[in-house]
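Single-structure report; data block below.
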Amino acid sequence: MHSYSRQEHEVEAVFDKEKRYIMQTYRRPRIVISEGKGARLKDLLGNEYIDCVGGIAVNAVGYCHPAVVEALKEQVDRLMHVSNLYYTEPQVELAEKLVQITGMDKVFFCNSGAESVEAALKLAAKTTGKSGFIAAEGGFHGRTIGALSVTSGHKFRSAFEQLLLKHVKFVRYNDAEAIRAAIDDDTAAVILEPVQGETGVIVPSEGYLTEVRDICTDKGVLLILDEIQTGFGRTGRWFCKDYEAVEPDIMTIAKALGAGFPIGAMLAKSGIEFGAGEHASTFGGNPLACSAALASIGVIESERLVERSEELGAYFMNRVHEDGLDSRPIVKDVRGKGLMIGIELREACADIVDKALNRGVLINCTSDRVIRLVPPLVITKDELSRVIAVLEEIISS
Ligand SMILES: *Cc1c(COP(=O)(O)O)cnc(C)c1O
């Protein structure tokens, strides 16, 4: 990495401007990130961190992967954007690739996770002619009005209840029969995450998704799987649905899809699709975004990052168990799949995040008490080992 170091007063100026000019929707630690390589980040004062946040499960192939950087540079020199009024090559190449790796049939491109959920809800409503959805307690699907309507958290919804879809029922996660009981004549679709991310890495029992699939088929209701966070090797399979070979009718992806370049996609099985003019996006599937995604998928394949995620996830769990971190009094549970890991504490974990940062490890706290680790899948075993050592040191009390 280079060094883009600044003086302390220059860093303070960044904090001041942020506070003055940006709506205060985020709470951030007082560091300014300036560059990254692999699973490492540097701040403007020159401090280095091992990153276990990964841009919130986005930077699967790590920071500045040469293959992604090259692909983007080449595409920037040729064509950044031309709109969907025209054909472009990267878009169709990426669509073919996504169909191959997901087992779905057709793609609609957009620019974020929430947008892909919006597209999924519209497509389900259009296909069935119905307006009801069933979602899970603790489920998170994004902040736009449709996506927020199927997101359950009070803290996300409370100021906006008056705007949200009315026909949404929330049922207990990991309880397939609750879904059967909630389905009524107006139910268009069930929407679920295969592992709940924002709520604290909640892993359902084996067989849950299969059961939900069967119920949806039985009742003639569509199944939407939200793999925005769990996709692209995060859980040790290309997609988490692959563990049980469950086939959703509609699937949403984003986060790691573009290796950090904003892009989302909604995929569906044949026969479930939008017609001309029924949905659109100016930027959706633009050549630059699609080139980044194609390069990133290439890296996941060539560096066997899906397998690596499974192996390193298992290594983490074993180490934590051998060292007894999971039996410390303040640790309630350690769980996960692949490199999507949650450490649930019996108390708030904000302090732990600061302590880890001071020791050169970036972690994220979700749902107040869960340390969520979603590092780049290229993280080395040594780096992960260092992370475990730091966690053990600061969770000792
Ligand atoms: C992050 C996330 C979203 C929302 O994605 P944005 O790109 O932030 O709109 C939706 N669903 C799940 C499961 C997510 O993790």
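The values are calculated or read from the model by the stated rules, or taken from the named source; none is laboratory data. This one's a predicted model, so the numbers in the text were calculated from it and none came from an experiment. All Cβ positions, glycine included, derive from the backbone under ideal geometry; neighbour counts span all protein chains shown. Side chains are part of the model used for accessible areas, which takes the heavy atoms of the whole protein and leaves out ligands, DNA and RNA. Shrake-Rupley method; radii C 1.70, N 1.55, O 1.52, S 1.80 Å.
Per residue of the chain, what 222 nm ellipticity follows from adding -39500 (n - 2.57) for every DSSP H run with n ≥ 4, rounded to the nearest 500?
Value at 222 nm, helices only: -11000 deg cm²/dmol.
Would you kindly state the longest site-free stretch of the chain, with sites defined as GluC sites (Glu not before Pro) in a DSSP loop (not H, G, I, E, B) surrounded by at most 13 other Cβ atoms within 10 Å?
Counting only loop sites that pass the neighbour cut-off, the longest clear stretch is 1-205.
Can you tell me the dipole magnitude for the chain around its Cα centre, using point charges on the Cβ only (Lys, Arg +1; Asp, Glu -1), in Debye to the nearest 20?
Magnitude of the dipole: close to 780 debye.
Show me the three semi-axes of the equivalent ellipsoid for the stretch 67-174, from the C-alpha gyration tensor (sqrt of 5 times each eigenvalue), largest first, rounded to whole Å.
33, 16, 14
Residue separation times 0.36 nm, minus the C-alpha to C-alpha distance between Glu177 and Glu48: what's the value?
Residue separation times 0.36 nm, minus the Cα-Cα distance, leaves 41.6 nm.
Isolated Cys in the chain by the 4.7 Å beta carbon test?
Taking the Cβ cut-off of 4.7 Å, the unpaired cysteines of the chain are Cys52, Cys64, Cys110, Cys216, Cys240, Cys290.
Rg (Å, one decimal) plus Dmax (Å, integer) for the alpha carbons of the chain?
21.0, 64
Dipole magnitude of the stretch 66-302 about its Cα centre, charges +1 at Lys/Arg Cβ and -1 at Asp/Glu Cβ only, in debye to the nearest 20?
520 debye
Where the centre of each part is set by its Cα atoms, how far does the stretch 290-343 sit from the stretch 102-147, in angstrom?
27 Å
Of the accessible area of the stretch 306-397, with the probe set at 1.4 angstrom, what percent is carbon plus sulfur?
42 percent
Subtracting the Cα-Cα distance from 0.36 nm times the residue separation, let me have the gained length for Ala67 to Thr217 in nm, one decimal.
49.9 nm
Which whole-Hz couplings ³J(HN,Hα) result when phi for each residue of the stretch 373-386 is put into the Karplus expression 6.51 cos²θ - 1.76 cosθ + 1.60, θ = phi - 60°, listed in order with x for Gly and Pro?
My calculation for the stretch 373-386 gives 10, 9, x, x, 5, 8, 3, 8, 4, 4, 5, 5, 5, 4 Hz in order.
Mind telling me which of Thr366, Thr128, Thr25 comes out most flexible in a GNM of the chain, alpha-carbon contacts under 10 Å?
Result for the chain, Cα springs under 10 Å: Thr25 fluctuates most.
Tally the DSSP beta bridges in the chain and give the antiparallel ones as a percent, rounded to 5.
Percent antiparallel among DSSP bridges in the chain is about 65.
What are the ³J(HN,Hα) values, in whole Hz, obtained from phi via the Karplus relation 6.51 cos²θ - 1.76 cosθ + 1.60 with θ = phi - 60°, for each residue of the stretch 32-39 in sequence order, with x given for Gly and Pro?
3J(HN,Hα) across the stretch 32-39, in whole Hz: 10, 7, 10, 6, x, 8, x, 9.
Quick one: what are the phi-derived ³J(HN,Hα) couplings along the stretch 260-270, Karplus 6.51/-1.76/1.60 with θ = phi - 60°, whole Hz, x for glycine and proline?
Here the 3J(HN,Hα) series is x, 7, x, 6, x, 8, 10, 10, 9, 7, 4 Hz.
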